[in-house]
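The values are calculated or read from the model by the stated rules, or taken from the named source; none is laboratory data. Keep in mind the model is a prediction, meaning the values are calculated, not measured. Using ideal geometry, Cβ is built from the backbone for each residue, glycine included, and neighbour counts are taken over all protein chains shown. Side chains are part of the model used for accessible areas, which takes the heavy atoms of the whole protein and leaves out ligands, DNA and RNA. Shrake-Rupley method; radii C 1.70, N 1.55, O 1.52, S 1.80 Å.
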Amino acid sequence: MTATETDIQHKELKTTSTDAQTSNMGEGSQQSAPLINSSGKAARSVDVLLFTTFFKIGLFTLGGGYAMIPLIEAEVVDKNKWIGKSEFLDLIAVAQSCPGVFAINIATFIGYKLRGRWGAVSTSVGTALPSFLIILFIAMFFHQFMNVGWIAAMFRGIRPAVVALIAVPTFNMAKEAHISLSNFWIPIASALLIWAFHVNPIWIIIAAGVGGYFYGKVLK
């Protein structure tokens, strides 16, 4: 696949997803339909594009799924504009609420939103494959690696950077979630319950969901 063909696919995918989003805004019943409806060779090209995009994200992500958020947002929301920021925030909330690995969950949701089942397969495999290959390689030679001084020092330097990779999307999500003086106590109380009282995060998610439902349905 040449660079020109890849650029064309990016433009087609971006244009098609933007048109579909605009159409779906006026037709709430079509929100669950894939944004990219292609067939034949065009469909395979889109699947390859989704796979390579998420393979690149998975390849350069250090620190777990949460550190992957700014990379996914940069590729999916800012660069390609496949989904909007508010919808991306909703997908993060759903991915966090579901069992399983966060990175795979959000990749699956985004892939399904764009291309249905095959899109979900493409993004999920693309996200998981780099980590699988790297961990497999490290596991085979772990002891030899950790005995090398410069490699151990490199990992010590990576750890503080990972904290920043996780902190940045946290602040961005807080801004997109419209955290204000009226509701800032919710994330603070949740964090304290998990950290100080060792409350299972599942109960926090359930309580937040129930509280949000009653707030939206009863109080509003």
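Taking the criterion of being over 19 Å from Ala177 (Cβ atoms), touching a residue at least 60 places away in the same chain (Cβ under 8 Å), open to solvent by less than 50 Å² (accessible area, probe 1.4 Å) and part of a helix (DSSP H, G or I), would at least one residue in region 98-113 satisfy it? Please lay out each step first, then the result.
Within region 98-113, the subset over 19 Å from Ala177 (Cβ atoms) is 99-101, 103-104, 107-108, 111-113.
Filter once more, so that each one left must be touching a residue at least 60 places away in the same chain (Cβ under 8 Å): 111-113.
Add one more test, that the residue is open to solvent by less than 50 Å² (accessible area, probe 1.4 Å), and what stays is 111, 113.
With part of a helix (DSSP H, G or I) added as a condition, the list becomes 111, 113.
Yes, region 98-113 contains a residue that is over 19 Å from Ala177 (Cβ atoms), touching a residue at least 60 places away in the same chain (Cβ under 8 Å), open to solvent by less than 50 Å² (accessible area, probe 1.4 Å) and part of a helix (DSSP H, G or I).
When both residues are 6+ apart or on different chains and their Cβ atoms are under 9 Å apart, which pairs have a first residue that lies in region 152-172 and is more than 15 Å from Leu71 (Cα to Cα) and β-branched (Val, Ile, Thr), and a second that is modelled with pLDDT under 75 and assigned to a helix (DSSP H, G or I)?
Once the first residue is more than 15 Å from Leu71 (Cα to Cα) and β-branched (Val, Ile, Thr) and sits in region 152-172, no partner that is modelled with pLDDT under 75 and assigned to a helix (DSSP H, G or I) comes close enough.
Identify, from the list Ile188, Ile158, Ile206, Ile166, the residue that is surrounded by 12 or more Cβ atoms within 10 Å (Cβ to Cβ), over 24 Å from Phe60 (Cα atoms) and under 24 Å from the mean Cα position of the chain (by Cα).
On the way: Ile188 fails: surrounded by 12 or more Cβ atoms within 10 Å (Cβ to Cβ); Ile158 fails: over 24 Å from Phe60 (Cα atoms); Ile166 fails: over 24 Å from Phe60 (Cα atoms).
None of the others qualify; the one that does is Ile206.
Across region 81-93, which residue is surrounded by the fewest Cβ atoms within 10 Å (Cβ to Cβ) among those that are under 16 Å from Leu49 (Cβ atoms) and not aromatic (Phe, Trp, Tyr)?
That would be Lys81.
Would you confirm whether any residue within region 154-165 is in a helix (DSSP H, G or I) and within 22 Å of Ser86 (Cα to Cα)?
First, pick out the residues of region 154-165 that are in a helix (DSSP H, G or I): 154-165.
Checking the rest, the ones that are also within 22 Å of Ser86 (Cα to Cα) come to 165.
Checked region 154-165: at least one residue is in a helix (DSSP H, G or I) and within 22 Å of Ser86 (Cα to Cα).
For region 63-80, enumerate the residues that are open to solvent by 30 Å² or more (accessible area, probe 1.4 Å) and over 14 Å from the mean Cα position of the chain (by Cα).
Hit for region 63-80 is Lys79, nothing else.
Suppose we filter Glu87, Glu73 for residues that are touching a helix residue (DSSP H, G or I) at 6+ places or on another chain (Cβ under 7 Å) and in a helix (DSSP H, G or I); which single one remains? Give the derivation first.
On the way: Glu87 fails: touching a helix residue (DSSP H, G or I) at 6+ places or on another chain (Cβ under 7 Å).
None of the others qualify; the one that does is Glu73.
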